[in-house]
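The values are calculated or read from the model by the stated rules, or taken from the named source; none is laboratory data. Nothing here was measured: the structure is a model prediction, and the numbers come from that model. Neighbour counts are summed over all protein chains in view; Cβ atoms, including those assigned to glycine, are modelled from backbone coordinates with ideal geometry. Areas reflect the complete protein model, heavy atoms only, side chains present, ligands, DNA and RNA absent. Shrake-Rupley method; radii C 1.70, N 1.55, O 1.52, S 1.80 Å.
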Amino acid sequence: MDNEEIRTILERKVKAVTLRPAVGQNTARTTVRLKPGLECEVTEGPWSLTVAMSEKSGGTGAGPNPGIIGRGALGSCLALGYAMWAARLGVRIDALEVEVEADYDSRGELGVADDVPPGYTQVRYLVTVASPASEEDVRRVIDTADRYSPYRDVFARAHDVRRQLRISALQG
């Protein structure tokens, strides 16, 4: 699809959710099933992928670990958002790469230091863009896309996370 087709599709979506906000509101549901060997099958709709801990962490290494998936979700959401906003704003991008870095201290995840968070202590990303457009136009695309990026928001803002627990007894 070229940028004009992308822009047309996105502008149609903008019009739809502007006229009827409920059209843009939904709940996404992904199912994750634990398998033997610190491995999970992740499914949503027609998509399925394997997530696993590495062998050095006691897993099978059959797929990327959750950290890779999380950083990949952030980086790919940013890259796709840049492409979508470039199309909407009429700015040509010839090549784009997002490199995501995240600092962590394993002591938190392993429960050996309560004063160390189990997650990332800092997340950074480097965006490299090749474009014949002016620096001002490229910055406008990147700044706008960052402002409206769903996964940048997930990483940058605290969210209301709620757990439900269902325990079933094994039938024997």
- line: The condition from (1) more than 30 Å from GLU135 (Cα to Cα); (2) at pLDDT 95 or above; (3) open to solvent by 50 Å² or more (accessible area, probe 1.4 Å) that SER57 misses is numbered (2)
- request: Take GLU101 and decide whether it is within 30 Å of MET1 (Cβ to Cβ), under 19 Å from the mean Cα position of the chain (by Cα) and free of Cβ contacts under 8 Å to residues at least 40 places away in the same chain.
  value: no
- line: Considering the range 29-53, residues that are modelled with pLDDT of 95 or more, open to solvent by less than 100 Å² (accessible area, probe 1.4 Å) and assigned to a loop (DSSP other than H, G, I, E, B), and then whichever is farthest from PRO64 (Cα to Cα), we arrive at GLY45
message: Just to check your reading of the model, which residue among ARG152, ARG139, ARG92, ARG124 is closer than 29 Å to GLN25 by Cβ and among the charged types (D, E, K, R)?
response: ARG152
task: Would you tally the residues in the range 4-19 being open to solvent by less than 60 Å² (accessible area, probe 1.4 Å) and within 22 Å of the chain's Cα centre (by Cα)?
output: 3
